[in-house]
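As structure tokens, the structure follows; a few thoughts come after it.
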């Protein structure tokens with residue numbers, strides 16, 4: 001019999017019941033909650049007169065609607081009354097049911113997918129869900145983690161389980177050494193460029209190979225975060241020393257004898273050598289350039305040395321029409337060089353790229369340089385209050401401020417513009433976030449997805465530039 | 001949940017691949033703490049010429065005449081015909097809530113994004129995957145024939161055209177069962193409460209670190 005994949009192991013370890021109709025009950029170890037996708041779930045519980053199954057499995061924080069300035073004002077700092085009600089509703093629900101919440105003024109507040117790992121609330125081998133598609137981030141710890149809708153948030157609150165059907169296994173193997181200036185973000189954008197936004201639909205993806213093994217936990221989180229942009233709900237990386245070193249000593253990590261027991265189990269969380277995948281995709285890490293998205297879907301991406309594609313050369317009529325539509329929306333011409341794209345704003349942040357390593361990489365590029373005069377704004381939004389504090393301890397805030405970037409308070413911010421941070425119509429933004437959909441960062445806004453280092457390079461030049469040129 | 005057995009309705013063809021959830025319901029409308037009322041803002045950025053705001057009276061806004069749902073012949077459409085990878089992007093259940101609130105009961109496409117597909121079933125909305133060639137044909141027929149309706153039968157798992165051609169589709173047994181009977185699937189899961197407790201007790205012994213956080 002063939003060995004098991006990491007996904008097979010995680011599935012088997014969380015299987016409560018296999019039903020005759022092909023569906024299965026899967027136990028959920030951890031649910032992360034935020035203000036946008038939970039209110040209707042709590043309301044559903046109340047209407048059905050149900051109680052949460054296991055309160056201590058849940059951890060909450062407001063992140064989507066929170067302002068990134070004047071944090072000392074707390075909830076009163078939220079100008080939009082509709083946003084304010086949503087954050088207050090989360091507070092009230094957590095208070096009513098006794099759920100641990102890092103509230104808006106708590107230093108531990110931040111983007112759910114940043115604070116879970118930071119607190120040790122995310123531990124290897126867990127099944128983790130959240131009403132947010134970027135929950136795949138936690139797969140970097142060898143977790144079975146994926147986004148769910150609000151009905152399923154309610155289902156997990158009420159039953160601690162989900163009804164699931166097992167996905168297929170895909171291995172994305174990236175071998176070779178990544179070049180200087182090439183990050184996890186460039187790797188995942190290159191992967192999505194290759195498999196397409198629906199390439200992973202129906203699969204759980206395991207990311208493996210030397211290039212992935214060589215990444216820090218921050219880099220692995222960036223890659224798993226964007227698994228959903230390749231269509232896969234689940235993205236994972238096997239547990240190794242890097243994983244265990246990161247988890248050790250976190251506030252909610254096990255200690256003492258339990259720690260030893262946990263580590264022994266966590267070390268089994270890798271695919272067996274003879275495991276069989278339904279699909280294998282291979283990339284040469286040494287050939288990956290810094291990436292820039294030019295279109296309105298994350299698969300519309302190319303290397304910084306490349307050009308905007310010519311739709312006339314696309315054979316598939318549906319894809320051709322998509323490219324034509326994207327170029328029109330983005331205000332770009334076929335064959336235009338990527339480095340000729342002029343920018344209006346730069347956003348460094350989001351659950352994809354707002355961790356300490358991301359900020360260090362961006363700071364290293366802007367250090368001693370100034371934000372281009374042609375830019376309207378360049379902002380840095382740390383992923384949590386603790387990331388912010390760490391960055392300030394390292395003096396990164398001063399580097400950003402001296403260069404002319406704004407240093408903000410933690411939250412989702414301009415990744416999806418539910419708070420006050422947004423693009424104006426027609427504005428081009430170099431963004432370290434995860435989606436370049438039409439209107440995502442603001443009505444008529446034009447998003448280009450890049451790494452923190454590439455965003456920083458764009459900030460100091462006003463257009464896209466190969467960050468490797470600034471590193472010499 | 002509202003049960004779904006059969007539905008016959010007018011087809012609106014939305015000829016565009018990779019329709020994402022930001023397009024289905026833009027972020028500013030996710031601030032609502034309700035499940036209803038999203039219909040007027042379905043496809044907001046495509047439907048209207050201005051930028052929509054929550055709590056705005058959308059009936060007074062300027063419509064984009066080029067958008068398919070604004071054309072008189074598709075008024076009261078309840079079957080949405082779409083292209084590949086419909087519903088990609090976020091997990092927001094506001095997307096199926098908006099489609100449902102607008103009046104759609106069925107969405108037909110060559111493929112759907114996983115989370116969106118799953119969310120539809122929780123709301124009595126039936127997403128149907130048909131082969132791309134069949135979808136192409138349905139696009140041609142619905143665009144070429146005013147008042148074009150499809151008959152969808154979940155019991156028989158068929159989509160039938162006005163000329164009587166019938167196409168069968170696949171659907172998971174559990175999802176089909178819940179939809180046909182309008183079941184609350186939390187109630188169904190709680191019938192297995194004992195199995196959940198047994199699992200949980202065993203896990204507490206073998207992996208105690210999973211039970212010591214969050215409170």
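The values are calculated or read from the model by the stated rules, or taken from the named source; none is laboratory data. Predicted model, so just to flag it, every value in this text is computed and none were measured. No Cβ is skipped: glycine too gets one built from the backbone with ideal geometry, and neighbour counts run over all protein chains shown.
Tabulated data
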item	result
Subset of the range B:131-171 (residues that are out of contact with any strand residue (DSSP E or B) (no Cβ under 6 Å at 6 or more places or on another chain) and buried (at least 16 other Cβ atoms within 10 Å of the Cβ))	B:135, B:141, B:154, B:161, B:171
Meets criteria (under 15 Å from the mean Cα position of the chain (by Cα) and either in a loop (DSSP other than H, G, I, E, B) or closer than 24 Å to residue A:292 by Cα (or both)) for residue A:347	yes
Helices (runs of 4 or more DSSP H) contained in the range A:210-303 and holding at least 1 residues under 21 Å from residue A:176 (Cβ atoms)	A:210-213, A:217-225, A:241-247
Members of the range A:1-38 found to be buried (at least 22 other Cβ atoms within 10 Å of the Cβ) and assigned to a helix (DSSP H, G or I), listed by number	A:6, A:7, A:10, A:14
Filtered residues of the range B:6-15 (kept if surrounded by fewer than 17 Cβ atoms within 10 Å (Cβ to Cβ) and closer than 15 Å to residue B:142 by Cα)	B:8, B:15
Odd one out for residue A:94, checked against (1) assigned to a helix (DSSP H, G or I); (2) free of Cβ contacts under 8 Å to residues at least 24 places away in the same chain; (3) more than 8 Å from every other protein chain (Cβ to nearest Cβ)	(2)
Hits in the range B:22-49 - residues which are more than 24 Å from residue A:413 (Cβ to Cβ) and within 10 Å of chain A (Cβ to nearest Cβ)	B:34, B:35, B:36, B:46
Qualifying positions in the range B:147-175 - at the interface with chain A (Cβ under 9 Å from one of its Cβ atoms) and either assigned to a helix (DSSP H, G or I) or touching a residue at least 24 places away in the same chain (Cβ under 8 Å) (or both)	B:173, B:174, B:175
Residue that is farthest from the other protein chains (Cβ to nearest Cβ) [pool: residues in the range A:54-64 that are farther than 17 Å from residue A:383 by Cα and touching a residue at least 60 places away in the same chain (Cβ under 8 Å)]	A:54
In the range A:65-85, the residues that are surrounded by 24 or more Cβ atoms within 10 Å (Cβ to Cβ) and at the interface with chain B (Cβ under 8 Å from one of its Cβ atoms)	A:65, A:83
Test result for residue A:377, touching a helix residue (DSSP H, G or I) at 6+ places or on another chain (Cβ under 8 Å), over 18 Å from residue A:332 (Cβ atoms) and modelled with pLDDT of 95 or more	no
Selection from the range B:20-40 of residues that are under 17 Å from the mean Cα position of the chain (by Cα), surrounded by fewer than 23 Cβ atoms within 10 Å (Cβ to Cβ) and outside any helix (DSSP H, G or I)	B:35, B:36, B:37
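Yes or no, residue by residue, for (1) assigned by TED's automatic domain parsing to the domain that holds residue A:303; (2) over 26 Å from residue A:37 (Cβ atoms); (3) touching a strand residue (DSSP E or B) at 6+ places or on another chain (Cβ under 8 Å):
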residue: A:145; (1), (2), (3): no, no, yes
residue: A:150; (1), (2), (3): no, no, no
residue: A:163; (1), (2), (3): no, no, yes
residue: A:172; (1), (2), (3): no, yes, yes
residue: A:186; (1), (2), (3): no, yes, yes
residue: A:195; (1), (2), (3): no, yes, yes
residue: A:204; (1), (2), (3): no, no, yes
residue: A:208; (1), (2), (3): no, yes, yes
